[in-house]
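Note sheet for the following structure.
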Amino acid sequence: MIQILASLLILLGSFFVFSAGLGLLRMPDPLTRIQAGTKATTLGATLVLTGLSILHPERLLLYLLIVAFVFISNPISSHALARAAARRAARDDAASGDASDPA
């Protein structure tokens, strides 16, 4: 029964990671790609590692550290990507002469 639960968690997590990859390909602009990628990969990685920690409880501390790293690094990387996309858009607007106020 425990193996079935762990397998379902790993399968569900894999689905979320796959949907994140699909979202990166299908979304129209960089900001929605960032959102699709980071939210789904965070949930997917957490579910996969939860399933693995059920199957291998002796490695629980390692899996918890990996989940903590994912929780810390995903928001930071998405913020950096969003900031770079915003700066590039502002630079492109300035180069084209568009003086519209973004506020």
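The values are calculated or read from the model by the stated rules, or taken from the named source; none is laboratory data. No experiment lies behind these values; they were computed from the predicted model shown. When we count neighbours, we look across all protein chains shown, and the Cβ atoms used for this are built from the backbone with ideal geometry, even at glycine.
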What's the number of the condition Ser53 fails, among (1) in contact with a Pro (Cβ under 9 Å, 6 or more places away or on another chain); (2) among the hydroxyl-bearing types (Ser, Thr, Tyr); (3) closer than 21 Å to Ile2 by Cα?
-> (1)
Does Leu5 satisfy being in contact with a helix residue (DSSP H, G or I) (Cβ under 8 Å, 6 or more places away or on another chain), among the hydrophobic types (A, V, I, L, M, F, W, C) and surrounded by fewer than 15 Cβ atoms within 10 Å (Cβ to Cβ)?
-> yes
Which pairs do you get when a residue that is of a type in the set (A, V, I, L, M, F, W, C), found in region 2-18, comes within reach of a residue that is surrounded by fewer than 16 Cβ atoms within 10 Å (Cβ to Cβ) and in a helix (DSSP H, G or I), reach meaning Cβ atoms under 7 angstrom, with the pair 6+ apart or on two chains?
-> Ala6/Leu55
Among the numbered criteria (1) more than 18 Å from Ala20 (Cβ to Cβ); (2) loosely packed, with under 12 Cβ neighbours inside 10 Å, which single criterion is violated by Ala86?
-> (2)
Could you please let me know if Ala82 is at pLDDT below 95, in contact with a helix residue (DSSP H, G or I) (Cβ under 6 Å, 6 or more places away or on another chain), under 19 Å from Leu24 (Cα atoms) and of a type outside the set (Phe, Trp, Tyr)?
-> yes
May I ask you to say which residue of Thr32, Thr46 is under 14 Å from the mean Cα position of the chain (by Cα), buried (at least 16 other Cβ atoms within 10 Å of the Cβ) and β-branched (Val, Ile, Thr)?
-> Thr46
Might you check whether a residue that is part of a helix (DSSP H, G or I), small (Gly, Ala, Ser) and more than 17 Å from the chain's Cα centre (by Cα) occurs anywhere in region 67-81?
-> no
May I ask you to verify whether Ala95 is part of a helix (DSSP H, G or I), in contact with a Pro (Cβ under 8 Å, 6 or more places away or on another chain), modelled with pLDDT under 90 and aliphatic (A, V, I, L, M)?
-> no
